[in-house]
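Below is one structure, written out as structure tokens; comments come after it.
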Amino acid sequence: MTKHVRFNRLLARYLLFFIMLALGFSVRAQVSTTVTMSASPIAGSPFASLADAITAVNGLTITGPVVVTASAGSETNPAGGYSITATGSSTNTITIQGAGSGSTIITAPNPAGTAGALTDAIFKIIGGDYITISGFGMNENAANTTIVVVINNMVEWGVALLYASTTNGAQNCTIQNNAITLNRTYQNTFGIYSNSTHSTTSVTTSATATTSAGGNSGLKIYSNTISNVNLGIVVIGPTAIADVNTGVEIGGAGLGNTI
């Protein structure tokens with residue numbers, strides 16, 4: 001093959017790349033992720049992306065401690081956010097960990113989700129118990145700038161904890177050592193958001209948890225750095241006094257959050 005032919009083929013590849021960009025195609029970065037249960041790799045591990053790993057964990061029958069370890073690198077989260085629906089226990093915990101908030105970077109897609117939706121996040125824990133999320137950088141996409149609520153294309157929550165049903169909340173979860181940066185020009189931006197008074201799909205309709213099991217008790221929020229948001233940390237428990245969240249810890253000696 002002559003140098004001239006090789007050059008023309010290389011030029012054609014570059015032209016195709018730029019045409020794809022012009023047509024709005026994008027390449028989604030992915031983070032290689034291992035998943036172990038009782039220290040043994042699960043089927044499919046290592047996964048090509050954190051999204052694939054979380055999907056696998058959501059489908060597991062959990063019989064031992066689960067550890068999801070994302071490598072250093074960057075990834076665009078799925079539209080709406082990673083939804084974690086698996087549930088652990090006090091002995092069979094679920095840990096989802098990055099390589100550090102400056103090393104494993106998760107960025108929202110463009111748009112963050114359905115236009116006008118008010119439930120977009122980087123991570124969402126939906127009714128899951130004994131889950132830890134740590135060691136991630138979480139960022140709004142710089143291309144998301146539409147702040148008008150009915151057509152917004154932006155992220156509402158860095159990490160959200162929500163109930164799966166009014167009697168099945170996200171309990172005994174820990175959010176620790178993450179860096180969350182959104183865009184405060186959009187008024188509905190929260191760094192860490194825990195709310196037991198609405199469903200996962202309709203934040204504007206009051207639907208409180210109806211038992212203490214529907215709340216998000218036992219939440220621990222430690223050593224996170226939260227910036228460029230309207231509200232740093234919000235925790236709202238069920239309406240009834242009998243169902244109030246208990247055991248919530250935000251910061252502490254050597255565990256303070258920087259907002």
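Restricting the first member to the range 131-152 and to residues that are closer than 20 Å to Asn224 by Cα and crowded, with 16+ Cβ neighbours inside 10 Å, and the second to residues that are of a type in the set (Phe, Trp, Tyr) and at pLDDT 95 or above, the beta-carbon pairs closer than 9 Å and six or more apart or on different chains are Ile133/Phe123; Ser134/Tyr222; Phe136/Phe123; Met138/Phe123; Glu140/Tyr186. Ser74 passes every criterion in (1) part of a loop (DSSP other than H, G, I, E, B); (2) under 16 Å from the mean Cα position of the chain (by Cα); (3) surrounded by fewer than 17 Cβ atoms within 10 Å (Cβ to Cβ) apart from (1).
The number of residues in the range 237-259 being open to solvent by 70 Å² or more (accessible area, probe 1.4 Å) and not in a loop (DSSP other than H, G, I, E, B) comes to 5. Screening the candidates Ala86, Ala79 for the property of being of a type in the set (Gly, Ala, Ser), touching a residue at least 24 places away in the same chain (Cβ under 8 Å), in a loop (DSSP other than H, G, I, E, B) and open to solvent by 60 Å² or more (accessible area, probe 1.4 Å) yields one hit, Ala79.
Does Ala99 meet the test of being touching a Gly at 6+ places or on another chain (Cβ under 7 Å), without any contact (Cβ under 8 Å) to a residue 40 or more places away in the chain and among the small types (Gly, Ala, Ser)?
So Ala99 fits the description; yes.
Each residue in the range 176-221 was checked for being more than 14 Å from Glu140 (Cβ to Cβ), out of contact with any helix residue (DSSP H, G or I) (no Cβ under 8 Å at 6 or more places or on another chain), open to solvent by less than 30 Å² (accessible area, probe 1.4 Å) and not in a loop (DSSP other than H, G, I, E, B), and 5 pass. Among the residues of the range 36-71, write down those that are assigned to a loop (DSSP other than H, G, I, E, B), surrounded by fewer than 14 Cβ atoms within 10 Å (Cβ to Cβ) and of a type in the set (Ser, Thr, Tyr). Within the range 36-71, Ser38, Thr61, Thr63 qualify.
The values are calculated or read from the model by the stated rules, or taken from the named source; none is laboratory data. All values reported here derive from a predicted model rather than from experimental measurement. So basically every Cβ, Gly included, is an ideal-geometry build from the backbone, and we count neighbours across all protein chains shown. Note: accessible area is taken over every heavy atom of the protein model, side chains too, but ligands, DNA and RNA are not part of it. Shrake-Rupley method; radii C 1.70, N 1.55, O 1.52, S 1.80 Å.
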